[in-house]
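K.L.:
Structure incoming, see below.
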Amino acid sequence: MAVSKILAALFVSMALYGVYVAANVFHVGDSIGWTIGKVNYTLWSETKAFVIGDTIIFEYNKQYHNVMQVNHEDFNSCNTKSPVATFATGNDSFNISSYGHYYYICGFPGHCQAGQKVDIRVPSPNPSPTPWPKPQPGGPSPSPYSAPPPSWGSGPAPAPTLTPGVPCPSPLSAPPSWGSEPAPAPDSGIAPGPWWGMAPAPAPSSASSIYASMGAFYPSIVVLASVIAAFAY
């Protein structure tokens, strides 16, 4: 029991010590304070690291300046008609209690337009992660990896569907392989031509054609020679 109390006290002490170490006090504009035309408050706030627990102090001459807390839209347009809160003590302090933006402007005419405005930004140390998509009822769980595309020719062709009462179709004949002997043509009474790859018969020469023509007229020549010889004697 005593050990648990000691551990609890130690935990609270460490937490308080951590808040004390992390907390800082920032004077807006540093030694110049909250005024017009002397400080670039945008650059001033960008060089600071604000955290929860920090204190922001505005020091100014209340006869010429004040502090208005506004929303983002009014901060950009320098609208002083609808502030969240207005302060005019000359020494105003604010404690940062949450993450986000704290927008402040001076409400005197023309001061905000001249640059008397500051955005106190307190970033969150752990931004929220992107939520994982919820699976649909009855559907598969989402996967961060897409399925690989199917490879061509990797699977067999689907089998034909059989219908009761309908005869099964005959399988298709396999296509002929290249180089195999072609099927014989039907008998048409005409001698088939030469096979592919065989040399064709040589064409007759011109001398052979002359001799063949002389052979055809040879009997007529002999008769004509006999008649000429008979008249000569």
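The values are calculated or read from the model by the stated rules, or taken from the named source; none is laboratory data. This is a predicted model, so every value here is computed, not measured. In this analysis, Cβ positions are derived from the backbone assuming ideal geometry, glycine residues included, and neighbour counts consider all displayed protein chains. To get the accessible areas, we keep the full protein, side chains included, count just its heavy atoms, and leave off ligands, DNA and RNA. Shrake-Rupley method; radii C 1.70, N 1.55, O 1.52, S 1.80 Å.
K.L.:
Rank these by accessible area, largest first, 1.4 Å probe: D54, D119.
P.N.:
I get D119, D54, largest accessible area first.
K.L.:
Given a 1.4 Å probe and the protein chains all in place, what does the accessible area of F87 round to, in Å² to the nearest 10?
P.N.:
60 Å²
K.L.:
Oh, and also: Rank H72, H65 by accessible area, highest first, at a 1.4 Å probe radius?
P.N.:
Result of the area sort, largest leading: H72, H65.
K.L.:
What is the local net charge at Y60, summed over the other residues whose Cβ is closer than 14 Å to its Cβ (Lys, Arg +1; Asp, Glu -1)?
P.N.:
0
K.L.:
Work through the residues other than V118 whose Cβ is under 15 Å from its Cβ and net out their charges, Lys, Arg +1 and Asp, Glu -1.
P.N.:
Numbers: positive: K38, K48, K117, R121; negative: D30, E46, D54, E59, D74, D92, D119.
That works out to -3.
K.L.:
Could you rank E46, E59 by how accessible they are, 1.4 Å probe, largest area first? Walk me through the numbers before you get to the answer.
P.N.:
Numbers: E46 135, E59 75 Å².
The residues order as E46, E59, largest area first.
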